[in-house]
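A short reminder: the numbers here are calculations on the coordinates, not readings from a lab. Keep in mind that this is a model prediction, so the values were computed, not measured. Every residue, glycine among them, receives a Cβ derived from its backbone with ideal geometry; neighbour counts consider all protein chains shown.
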């Protein structure tokens with residue numbers, strides 16, 4: 001029932017209650033201390049502070065397998081954000097080539113932690129034969145770094161596609177909040193002989209989160 005339909009005798013009391021409610025609403029509840037949030041929640045919040053922004057990055061590792069990417073233009077775009085999922089397209093332009101917009105990192109909250117998947121598309125929007133691979137966090141990580149060991153579904157896909165070296169993949173992501181001094185975002189793929197890989201692998205790209213750039217076009221398929 002609205003105030004307009006209340007009997008006249010009740011209106012003064014209703015008005016007092018309304019004023020009291022307004023007074024209470026204007027008193028902000030104390031913000032929870034950041035230390036009280038789990039490391040994964042803090043990591044999620046840090047990534048969320050960059051929603052809508054795009055940033056330039058570069059390859060900082062030197063594996064021979066990535067020689068073509070040395071000096072390539074790289075842009076990440078924190079393009080879509082919700083409480084449950086954050087999508088980050090990763091655009092690459094190698095020297096003398098057109099932009100490759102096939103890759104999107106997809107972060108998702110799960111009941112047990114966080115998940116990272118790789119959405120790979122062709123230029124016509126069709127999914128690649130190797131797509132939506134990744135893994136879930138195996139521990140709490142830290143507020144700025146989370147690691148994602150390869151999951152069983154991805155292992156089965158890699159084996160089916162003959163990519164047996166990838167069955168020991170571990171992906172790690174580091175991110176600083178927008179309020180941090182000189183924040184960065186780093187994506188890393190590693191494989192180790194100790195972890196069962198035939199040879200070590202290290203792919204690492206870092207983005208400067210202190211200097212947003214113009215947002216790129218949508219990734220392929222979106």
Which peptide among 46-57, 120-131 comes first, and what is the full order, when sorted by highest mean count of other Cβ atoms within 10 Å?
46-57, 120-131
I need 170, 86 ordered by Cβ neighbour count within 10 Å, fewest first.
170, 86
Using the C-alpha atoms of the stretch 36-213, what convex hull volume per residue, in cubic angstrom, is computed?
131 Å³
Highest first, please rank the peptides 216-222, 79-85 by the mean number of other Cβ atoms sitting within 10 Å of their residues.
216-222, 79-85
Let me make sure I get this right: for the stretch 49-135, a, b and c are the square roots of the gyration tensor eigenvalues over alpha carbons, sorted descending. Under 1.5 in a/c it's rounded, otherwise prolate if a/b > b/c, else oblate. Which is it?
prolate
